Structure formats: structure tokens, C-alpha cells
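Just below is one structure, and these are the notes that go with it.
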Amino acid sequence: MTSSAELFERARALMPGGVNSPVRAFGSVGGTPPFMVSGRGPYLTDADGREYVDLVCSWGPALLGHAHPEVLAAVHAAVDRGLSFGASTPAESELAELVMGRVGAVERLRMVSTGTEATMTAVRLARGFTGRNLVIKFAGCYHGHLDGLLASAGSGVATLALPGSAGVTEATAAETLVLPYNDLAAVEEAFAVRGQEIAAVITEAAPANMGVVEPQPGFNAALARITAANGALLIFDEVLTGFRTGYAGYWGLTGGAADSDAPFVPDLLTFGKVIGGGLPVAALGGRAEVMDHLAPVGPVYQAGTLSGNPVAMAAGVATLTHATHEVYEHIDARSAQLSAAVSEALSAAGVDHSIQRAGNLFSVAFGTSAAGVRNYADAQAQEAFRYGPFFHAMLDAGVYLPPSVFEAWFLSSAHDDTAMDRILAALPAAAKAAAA
Ligand code: PLP
């Protein structure tokens with residue numbers, strides 16, 4: 001079989017950096033990325049025949065683990081009926097009903113194929129609805145690679161230490177106001193100065209692209225209050241958190257929970273990742289009054305050749321159907337177990353760190369124990385150089401972590417005791433590597 005090293009060399013001659021999404025190139029951790037050939041449950045197998053416990057889970061979608069038998073069966077059945085018709089299919093309504101049954105804030109839904117499309121459409125819709133141009137985003141939040149939201153974005157933009165992206169015009173960048181996360185005074189001030197021009201505030205439900213950062217209590221509810229008071233919309237980006245941090249996403253866990261201390265309802269929500277269970281599905285949804293500004297009902301145009309693709313819908317329906325309350329209880333418990341073990345191993349090796357947590361999502365930051373990471377400035381100031389050795393020690397021991405300190409660690413319902421034991425056994429040596 002061709003080795004990962006040979007495959008990477010071949011890919012580099014064919015694709016920029018040898019990849020189709022930058023972080024996969026291992027730029028910030030160094031080394032040759034393993035090329036994966038199969039996945040089953042909590043495991044991935046690479047081209048060299050090595051097996052890894054997977055803590056990336058396709059960057060979120062694999063909530064039920066890889067190759068879940070019932071998801072595969074649903075996909076196979078859909079494939080047998082044909083791949084794409086360019087016409088409406090029953091499965092689109094099935095998935096929409098599943099989403100709306102879980103997330104009460106969604107009165108209408110539009111399916112798209114990527115999270116980027118979902119946030120891009122949400123921003124266009126907010127502008128079309130309000131007749132205003134400006135959008136507020138928070139530094140370190142990543143909403144996909146649409147021009148207007150790449151300024152101070154997290155994820156790969158943070159990993160590559162870029163301020164934004166070449167190719168974004170000044171005029172486009174000027175329509176985005178970038179504010180520090182968790183800073184309500186900055187939001188109030190922006191509205192005081194330019195309130196009549198602001199169409200929307202877009203925020204990650206809980207940021208997980210500068211490492212995980214928990215919104216301070218009441219932060220999201222305050223954003224909803226400030227936007228509503230100023231005739232702007234709140235776009236709540238649940239592409240990463242949706243159907244992962246809980247049955248009804250991060251909103252269902254916090255502002256939308258029956259016993260919430262700070263209840264609120266976002267105007268628009270965006271979904272991706274888990275909603276497609278590993279196939280390209282994303283969506284935006286929210287208040288009917290706003291959503292009905294989308295074509296063909298309203299004047300805001302949006303379309304997609306493969307939107308609502310029947311095979312992708314089948315994967316989404318099967319995934320959400322099997323994403324039961326028990327699945328979330330399992331992932332919550334594994335997340336608590338793993339983050340405690342990571343922290344213990346790092347402390348034993350004398351490595352200063354903080355476990356960054358929002359619901360069952362977590363990441364590790366280095367040199368940050370004093371106050372943790374509350375915003376992008378904190379995330380960037382950490383001892384990020386410790387992550388590379390930690391990552392490679394884990395990889396050598398057969399654990400596949402996100403190849404960037406700015407990404408969350410992902411678990412699945414398939415992470416059983418055997419898989420967890422393998423991760424836990426690898427931690428002490430990795431912690432020592434981080435200490436060096
Ligand atoms: N929004 C958030 C919060 C994300 O984490 C991501 C991707 O990681 C996106 C949007 C973009 O989604 P996609 O990569 O499917 O375009």
C-alpha cells in the first residue's frame with residue numbers, strides 16, 4: 001500500500017499544500033499528516049495501516065462515531081434510489097421537522113451544503129431584512145470562509161496566524177465591525193455610535209475556533225436584548241455546537257432551556273456538521289417573519305444545485321434520529337472524564353494550563369491557568385508552542401488530536417472504555433513532552 005508520506009508528496013504536487021482545507025496540512029504542529037483510509041466507531045485507520053483513537057470526529061459531524069451501521073444503511077438505501085434530482089424530496093421535510101422538533105427557535109429552515117453557505121446566507125438575509133449594511137462579529141470566532149467574516153477569524157486563520165485573508169476588499173472588510181469576545185461594553189458602544197447601520201450581530205453559540213471559550217453568564221442573552229432594542233438581528237452560529245453540545249444545541253442547553261437564568265431567542269440560527277452526520281448538509285433557520293424574506297417568498301436570493309440532496313438528507317435524518325438524550329449523556333460523561341485526565345497529567349508534569357470548556361466541548365490552553373481564556377487576545381497569548389510536542393506524543397501513541405491548539409476536541413457516542421483507556425494511557429508521556 002502507498003504510505004501516508006508518499007500520498008502527501010503526491011497530493012502536494014496536485015493541491016495547494018496538498019490539502020483541501022488548510023489545517024489538515026499539519027502546518028502548526030509539523031510532520032506528515034496521516035492519510036486516512038477508513039473509520040469505524042471511535043477509530044481511524046491510515047494508509048500505513050496504523051489505527052488511531054479519533055478525537056477530531058471529522059471536526060464534529062461524527063457524533064455517533066464512524067460508519068454507524070444505521071446511518072450507513074440509510075445512506076445506502078438513499079443511494080440506491082438515485083443521487084440527486086434537482087427537485088424537492090420528502091427527506092428534506094423529514095430533516096426540517098427533526099430540527100424544528102428539537103430547536104423551538106426555528107420556525108422555518110433552509111438547507112444548504114456547508115456551514116459557510118449557512119452563515120453567508122444568514123448575513124445576506126439580515127441585511128435584506130433590516131435594510132442595513134454593518135455586521136458585528138467577535139475576534140476569534142470563525143463562521144466559515146465568507147469574505148466579510150474572515151477578519152480576526154479563529155480556526156485555520158488563527159492556526160496560520162493570519163490577521164484575515166488576502167483577496168478581501170477594503171470595502172467588504174469595512175462592513176464588519178470586529179469586537180472583543182465577552183465584552184458587552186464594546187457591543188453597547190458600537191450600537192451607541194453606529195446603531196442605525198448595524199444589521200446583525202453574529203456570534204458562535206459558544207466559541208470553539210480559538211480553542212473553546214465559554215460565554216460569560218448572560219452574554220448571549222444580552223446580545224439578543226441589545227440587537228432587539230436597536231432593530232438589528234442576532235445570528236446564533238450553531239454550526240459546530242448544534243446537536244453536539246446537547247439535544248437542542250448550545251441554545252437548548254443555555255438560553256433556550258426551560259430553567260434558563262437568561263432566556264433568549266435568537267432571530268436566526270445556523271447549523272452544519274452533525275446535522276449531516278458526515279455528508280455535506282448545513283442549514284439556517286429562525287423566525288418565520290425573517291426567514292420568509294428568502295426567495296422564492298421574499299427578495300433575498302439564495303439557491304443551491306445540491307441543496308437538500310437526498311443522500312445527504314438521509315444521513316442527517318438517521319444521525320439526528322439516533323442522537324438521543326442517552327448519546328449526549330454519554331458524550332458529556334466522556335468529556336468530563338477525558339478533560340479531567342488531561343488536566344491531571346499536565347499538572348503532574350508541571351505544565352501550567354487551563355481546560356477550556358463550554359458544555360461537553362473542551363480544549364486545552366497552555367500557560368493560562370491564572371484566568372483561563374476569555375477572548376482571542378488571551379488565546380493568542382498562550383504558550384501555543386507546547387501543543388506540537390503534546391500532539392505528536394499522542395499521535396505516536398495512536399491518538400489523533402486536532403492538529404491545532406485553537407480547535408476543540410471531539411468525542412462520540414462510540415468512544416467506549418477501550419478507546420478511552422488508550423487515550424488515558426497516552427497522556428502522561430504527552431504531558432511530559434509538553435513540559436519540555
Ligand atoms: N461556523 C462555525 C462555528 C464553524 O465552526 C464552521 C466550521 O468549522 C463554520 C461556520 C463553517 O462551516 P463549513 O466548514 O461547513 O463551511
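Compute the projected area of the convex hull of the Cα atoms of the stretch 1-144, averaged over all viewing directions, and report it in nm² to one decimal place.
12.9
Starting with the highest mean, order 382-388, 203-209, 28-34 by the number of other Cβ atoms within 10 Å, averaged over the residues of each peptide.
Output ranking for 382-388, 203-209, 28-34: 203-209, 382-388, 28-34.
Charges only on Cβ, +1 for Lys and Arg, -1 for Asp and Glu: so what's the dipole of the stretch 251-386 about the Cα centre, in debye to the nearest 20?
340
Quick one: check the C-alpha center-to-center distance for the stretch 376-436 versus the stretch 198-226, whole angstrom.
26
Sticking with the crude label model, points 7 Å out along Cα→Cβ, report the distance from residue 347 to residue 2 in nm, one decimal please.
4.8
With r as the distance between the Cβ atoms of residue 340 and residue 147 and R0 = 41 Å, compute the FRET efficiency 1/(1 + (r/R0)^6) and round to 0.05.
Using R0 = 41 Å, I get an efficiency of 0.50.
From the convex hull of the Cα coordinates of the chain, what is the mean projected area in square nanometres?
20.4
Answer with one residue from 234, 205, 299: the one whose Cα lies farthest towards the positive end of the charge dipole of the stretch 69-322, charges on Cβ with Lys, Arg +1 and Asp, Glu -1.
Projecting each Cα onto the dipole axis, the largest value belongs to 299.
Order these by the 10 Å Cβ neighbour count, fewest first: 330, 415.
330, 415
Order of 192-202, 315-325 by packing, highest average Cβ count within 10 Å first?
So the peptides 192-202, 315-325, ranked by packing, come out 315-325, 192-202.
Can you tell which of 78, 316, 223 lies farthest toward the positive end of the dipole of the stretch 69-322, using +1 and -1 charges on the Cβ of basic and acidic side chains (Lys, Arg; Asp, Glu)?
It is 78, whose Cα lies furthest towards the positive end.
Taking the beta-carbon count within 10 Å as an exposure proxy, list 294, 64 from fewest neighbours to most.
294, 64
Could you work out how far the C-alpha centroid of the stretch 233-256 sits from that of the stretch 340-361, in angstrom?
Measuring centre to centre over Cα atoms gives 24 Å.
Roughly how big is the stretch 69-322's charge dipole about its Cα centre, with Cβ charges of +1 (Lys, Arg) and -1 (Asp, Glu), in debye to the nearest 20?
My answer is approximately 280 debye.
Points 7 angstrom from Cα along the Cβ direction at residue 369 and residue 84: gap in nanometres?
5.2
Quick check: residue separation of residue 32 and residue 326 times 0.36 nm, minus the Cα distance between them. What number comes out in nm?
102.1 nm
Mind computing the radius of gyration and Dmax over the alpha-carbon atoms of the stretch 349-411? Å is fine for both.
11.6, 32
For the stretch 75-169, what does the alpha-carbon gyration tensor say about shape, rounded, prolate or oblate, given a ≥ b ≥ c as the root eigenvalues, a/c under 1.5 as rounded, and a/b over b/c as prolate?
prolate
If neighbour count is taken as other Cβ atoms inside 10 Å, put 411, 279, 184 in order from fewest to most.
Final ranking by Cβ density, sparse to dense: 184, 279, 411.
For the stretch 69-322, what are the per-bin percents of Cα-Cα distances with bins 10 Å wide, up to the bin holding the maximum?
The percentages, shortest bin first, are 8, 32, 36, 19, 5, 0.
Since every read-out is calculated from the coordinates, none of them should be taken as a lab result. Keep in mind that what you see is a predicted model, and the values were worked out from it rather than measured. Cβ coordinates were reconstructed from backbone atoms using ideal geometry, including for glycine residues, and neighbour counts include every protein chain displayed.
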